[in-house]
Amino acid sequence: MSKLLMFEKPVGMRDTLPHIYETKRKLKEAAAAEMRSWGYRFIETPALEYYETVGAASAILDRQLFKLLDQQGNTLVLRPDMTTPIARVAASKLLKERVPLRLAYSASVYRAQQREGGRAAEFEQIGVEMIGDQTVSADAELIALLVSVLKKTGMERFRLSLGHIRFTDELFRQILGTEERAQYLRRFLYEKNYVGYREHVKGLALSSIDQQRLLRFLDLSGELNCLEGAADLIEGGAGSEAIAELRSLYERLQEYGVAEYIQFDLPLVSHMSYYTGLVFEVYVDGAGTPAGNGGRYDHLLEKFGRPASATGFGLRVDVLLSALEQLEEEEKVHCILFSNERRIEAIQEARKRREAGEAVLLQDVAGLEDVDRFTETCKSVSFFVGKAASGREF
Amino acid sequence: MLTIAMPKGRIFEEAAGLLRKAGYQLPPDLDESRKLIIEVPEEQLRFFLAKPMDVATYVEYGVADLGIAGKDVLLEEERDVYELIDLKISPCYLAVAGLPDTTVDEVAPKVATKYPNVASSYFRGKGEQVEIIKLNGSIELAPMIGLADRIVDIVSTGRTLKENGLVEYETIVDITSRLIVNPASYRLKDKEIGQLVSRLAETIAEKAV
């Protein structure tokens, strides 16, 4: 057998030590409490799913999936996101009620990292899905909730970038004609390669007006007024509807009082084919990668045999954590040191304090090599040592 | 305050020249300075020098808001960054080269390169199976000494190839330097970055006229 790798972990896997754990727990609890107070109910799904169903339907790239075989030879995946498993559950069990579902989750997801260790391959996501409501109000609620969650988790400066896939699709379809050519151009946006986009557009056999339309499209980011520029680029149809949708979304976000966090970014393409309407990404100050993303995905539920519209967002707990400036102090607890003679007294004392809601650590003096080193780690200490009748407290 | 990752070496002079032309007051001894990080408080800018191949990495992780990187680096590294403008500086190209009048080994042609990803996707695209050998420098040596049949390397004037008795067989792609931006900075510092981008874009347009 090869030598055991004592301290090594697979690429992208991380440990969480106590004080980080506490910070993370508080962050997640704050987020979950907010989601619950908006009427979202938490669910759990298994870590392993079939590759053919959840793996294939997921928005995550195939090469990022952890795959394994079960005893029957079926290919399984470690869930790469929570949206797809939730869509599976909703389609098979929950949607029979025919009312919009508001679901929430807080779970680890797994995405294989090929490169260096700087990216987590296992990380926790906390998020919500609203299934069965196609209105703009649903999208608005989602974004308002998202802002509220970010505030509750202690984020001070953050931005939400909003785009609309139907606008991009319609603009490209009007100008380029075929889906194949639109797809080619869309890939430049997906890869954030604006230089390549411009070069490609300049090389297309188009009228100069149409070329200008495609080039101006890249500049459609910023505040509300960029929607006017967007409306000028498109001729009726689905594209104008998309702009109207973004306008009415913005109006609702003003009503919620969260419009200041919004910025439009129409060339935003988070995924090549997954989203069907609104898309957005979340950026927080202090983190170089998106803290979350989301949007409307009206075709996912179809894949599980029950067409329904859906919209949702997921936040990355690790990115939020890295943006927090202050980690929790390691919490010290009261310690009771006892020797064998006064064991019963010590146990009773500990019980009394615990019942009163205090955290108490009970330690046999015989188990310690260095009493001073130990007491340094305690908040306060009471001794039940030797033959004296009462516990001394320090 | 914006942090900019600058590439050491070949591209540096031209990149600094372009920023100066766009009206930014850079310290005159930026590249000779022994300091790794140089602040220019009047411009609200902070520069650091990095290996050209690493610039995109710094920007992806967000320790630099912006960077100047060759397209060769972007193709090879495929980092998650915005490639905003073509600075049109340090033009060169990636090419396949080798000893003159040679054919490649039919069973397992060997290709030595500093750009294993670019090289393997190029040959895959042509339907040719090759074995890639990664080298970190002096790539020209590989065919001369018999390590590889072909090399994939950057060519600017072609002089290095000629001096070593090598010839170009194919051109893969033209390269210039690009302004790249971290996706989070692109959103959170949109105003400052927008300003810098439009100043640079204007300067480049003027140069082209």
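The values are calculated or read from the model by the stated rules, or taken from the named source; none is laboratory data. Since the model is a prediction, treat every value here as computed from it, not as a measurement. So basically every Cβ, Gly included, is an ideal-geometry build from the backbone, and we count neighbours across all protein chains shown. In case anyone asks, the SASA skips ligands and DNA or RNA and just uses the protein heavy atoms, side chains included. Shrake-Rupley method; radii C 1.70, N 1.55, O 1.52, S 1.80 Å.
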ask   = What's the average, rounded to a whole number, of partner chain beta-carbon atoms within 10 Å of each residue's beta-carbon in B:181-192?
value = 6
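Counting only protein heavy atoms and a 1.4 Å probe, tell me what percentage of the stretch B:92-174's accessible area is made up of carbon and sulfur.
Within the stretch B:92-174, the accessible surface is 48 percent carbon and sulfur.
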ask   = Who wins for biggest fluctuation among B:103, B:171, B:113 in a Gaussian network model of chain B, springs between alpha carbons below 10 Å?
value = B:103
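When ligands, DNA and RNA are left out and all protein chains stay put, how many square angstrom of accessible area per residue does the stretch B:92-174 have with a 1.4 Å probe? Each step should come with its number before you reach the end.
Details: 4710 Å² over 83 residues.
Heavy-atom accessible area per residue stands at 57 Å².
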key: Kirkwood estimate for the stretch A:334-393, i.e. one over the average of 1/r between Cα atoms, Å   = 11.5
task = Give me the distance between the Cα centres of the stretch A:78-113 and the stretch A:244-314, rounded to whole Å.
result = 17
ask   = Under 12 Å from the Cα of residue A:67, which aspartates and glutamates turn up, not counting those fewer than eight places away in the same chain?
value = A:49, A:52
query = What ranking, highest mean first, results for peptides A:273-281, B:158-166, A:213-221 when packing means the other Cβ atoms within 10 Å averaged over each residue?
reply = A:273-281, A:213-221, B:158-166
task = May I ask you to derive the relative contact order of the stretch A:20-79, considering only C-alpha pairs under 8 Å and at least 6 residues apart, and to give it as an integer percent?
result = 30
query = Cross-link list A:26/B:189; B:88/B:191; B:110/B:134; A:28/A:152; A:28/A:303; B:8/B:207: which exceed 19 angstrom alpha carbon to alpha carbon?
reply = A:26/B:189; B:88/B:191; A:28/A:303; B:8/B:207
ask   = Given a Förster distance of 30 angstrom, what is the FRET efficiency for residue A:248 paired with residue A:25, based on the Cβ-Cβ distance and rounded to 0.05?
value = 0.20
request  = Mind putting a number on the dipole of the stretch A:246-355 about its Cα centre? Charges go on the C-beta only, +1 for Lys and Arg and -1 for Asp and Glu, and I need it in Debye to the nearest 20.
outcome  = 580
query = Using alpha carbons only, how many degrees (0 to 90, rounded to 10) separate the axis of helix A:208-217 from the longest principal axis of chain A?
reply = 10
ask   = Going by a 4.7 Å Cβ-Cβ cut-off, which cysteines of chain A have no partner at all?
value = A:226
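If you count only protein heavy atoms with a 1.4 Å probe, what accessible area per residue comes out for the stretch A:100-257, rounded to a whole Å²? Let's see the in-between values first.
Details: 6630 Å² over 158 residues.
Accessible surface, normalised per residue, equals 42 Å².
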request  = Output the residues of the stretch B:67-107 meeting this criterion: accessible area (heavy atoms, 1.4 Å probe) in the chain alone minus accessible area with all protein chains in place is 40 Å² or greater.
outcome  = B:79, B:82, B:83, B:84
request  = Mind checking which lysines have their Cα closer than 20 Å to the Cα of residue A:379? Skip sequence neighbours fewer than 8 apart in that chain.
outcome  = A:332, A:352
ask   = Which one of A:50, A:217, A:136 is farthest out on the positive end of the charge dipole of chain A, using unit charges on Cβ (Lys, Arg +1; Asp, Glu -1) and the Cα centre as origin?
value = A:50
key: Leading residue at positive end of dipole, the stretch A:249-394 (Cβ point charges), from A:288, A:263, A:319   = A:319
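Using +1 on the beta carbon of Lys and Arg, -1 on that of Asp and Glu, and nothing else charged, what's the dipole of the stretch A:334-393 about the Cα centre, debye to 20? Write out the running numbers ahead of the final one.
Working: 10 positive and 11 negative charges, 53 e Å.
Dipole about the Cα centre, nearest 20: 260 debye.
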Proximal aspartates and glutamates relative to residue A:96, as straight alpha-carbon distance under 20 Å, when same-chain residues fewer than 8 apart are discounted = A:44, A:129, A:133, A:298, A:302
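Counting only other chains, what is the mean number of Cβ atoms within 10 angstrom of the Cβ of each residue in peptide B:54-63?
Working: counts 0, 0, 0, 3, 1, 1, 4, 5, 6, 1.
For this peptide, the per-residue mean of nearby foreign Cβ atoms is 2.
Using the crude model of +1 on Lys and Arg Cβ and -1 on Asp and Glu Cβ, and no other charge, please compute the dipole size for chain A relative to its Cα centre, in debye to 20. It would help to have the intermediate numbers written out before the result.
Numbers: 51 positive and 59 negative charges, 157 e Å.
That gives chain A a dipole magnitude of about 760 debye.
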